[in-house]
1. Being among the polar types (S, T, N, Q) and over 18 Å from the mean Cα position of the chain (by Cα) is true for just one of SER97, SER80, SER56. Which residue is that?
2. Only one of ILE117, ILE111 is of a type outside the set (D, E, K, R) and either closer than 27 Å to ILE53 by Cα or assigned to a loop (DSSP other than H, G, I, E, B) (or both). Can you tell me which?
3. Taking the conditions exactly as written (touching a helix residue (DSSP H, G or I) at 6+ places or on another chain (Cβ under 9 Å), among the hydrophobic types (A, V, I, L, M, F, W, C), modelled with pLDDT under 80 and farther than 22 Å from LEU151 by Cβ), does LEU74 satisfy them or not?
4. Counting only residues that are surrounded by 12 or more Cβ atoms within 10 Å (Cβ to Cβ), over 14 Å from MET112 (Cα atoms) and either free of Cβ contacts under 8 Å to residues at least 24 places away in the same chain or in contact with a Cys (Cβ under 7 Å, 6 or more places away or on another chain) (or both), how many does region 129-147 have?
5. Would you check which residues across region 107-128 are closer than 23 Å to VAL46 by Cα and free of Cβ contacts under 8 Å to residues at least 24 places away in the same chain and list them?
6. If the requirement is being outside the structural domain of THR140 (by TED's automatic domain parsing), touching a helix residue (DSSP H, G or I) at 6+ places or on another chain (Cβ under 8 Å) and either surrounded by fewer than 16 Cβ atoms within 10 Å (Cβ to Cβ) or among the basic types (Lys, Arg) (or both), which of these qualifies: ARG28, ARG43, ARG37?
7. Which members of region 50-71 meet the condition of being at pLDDT 85 or above and either touching a strand residue (DSSP E or B) at 6+ places or on another chain (Cβ under 8 Å) or exposed (fewer than 11 other Cβ atoms within 10 Å of the Cβ) (or both)?
8. If ILE119 satisfies every condition in (1) surrounded by fewer than 16 Cβ atoms within 10 Å (Cβ to Cβ); (2) at pLDDT 85 or above; (3) of a type in the set (A, V, I, L, M); (4) more than 30 Å from VAL20 (Cβ to Cβ) but one, which is the exception?
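The values are calculated or read from the model by the stated rules, or taken from the named source; none is laboratory data. Remember, it's a predicted structure, so these values are computed and weren't measured experimentally. Neighbour counts run over all protein chains shown; Cβ positions are idealised from the backbone, glycine included.
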Amino acid sequence: MAEEHYMKIIETGVIAIAFVVIRTIIFRIINKTMTDRFLHETRGIVMKKVISITLSLIALIFILLIWGVDQTELAVFIGSVLTVVGVAFFAQWSILSNITSSIIIFFNHPIMLNDQIVIMEAKDFEIRGKVTNIGLFFITLEMADGEELSLPNNVFIQKSVRKISKA
């Protein structure tokens, strides 16, 4: 009986070490991306929180399995939670879409804070402004008249954007 507990403790320790190593590697990738692209620190903080939560949930599931939680009960519980979350996201599809878009913008979009940009909205209509914030759900532009415009991330990545200059 004691040997079985020692084995579970060792397996839990391995999961914890793997969690820390994987999280450290991913955080270094995020920090390198932020440094290479001169991104604002708050963008990295948001990405790190999303990744930490995801990795923590995965590690928790493995630890629960190690300590003998019945796999069918765990599967039913996870399925129920995912169903509720899925229904909530379906009801608010834009939330999931904006989070996904923020990850795409973080890693692949050339626009950075303080860039002067033009968004080609229609053939004869443009939105001009300075990027003042890139958040998890919205990108905020400061217009020439001092007003602020917030665009959902999923809308922003669908538009043609021209970078005028970096302020």
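1. Exactly one residue qualifies, and that residue is SER80.
2. From the options ILE117, ILE111, the qualifying one is ILE111.
3. So LEU74 fits the description; yes.
4. 1
5. ASN108
6. Of the residues listed, the single one that is outside the structural domain of THR140 (by TED's automatic domain parsing), touching a helix residue (DSSP H, G or I) at 6+ places or on another chain (Cβ under 8 Å) and either surrounded by fewer than 16 Cβ atoms within 10 Å (Cβ to Cβ) or among the basic types (Lys, Arg) (or both) is ARG43.
7. Selection gives ILE53 alone.
8. Going through (1) surrounded by fewer than 16 Cβ atoms within 10 Å (Cβ to Cβ); (2) at pLDDT 85 or above; (3) of a type in the set (A, V, I, L, M); (4) more than 30 Å from VAL20 (Cβ to Cβ) one by one, ILE119 breaks only (1).
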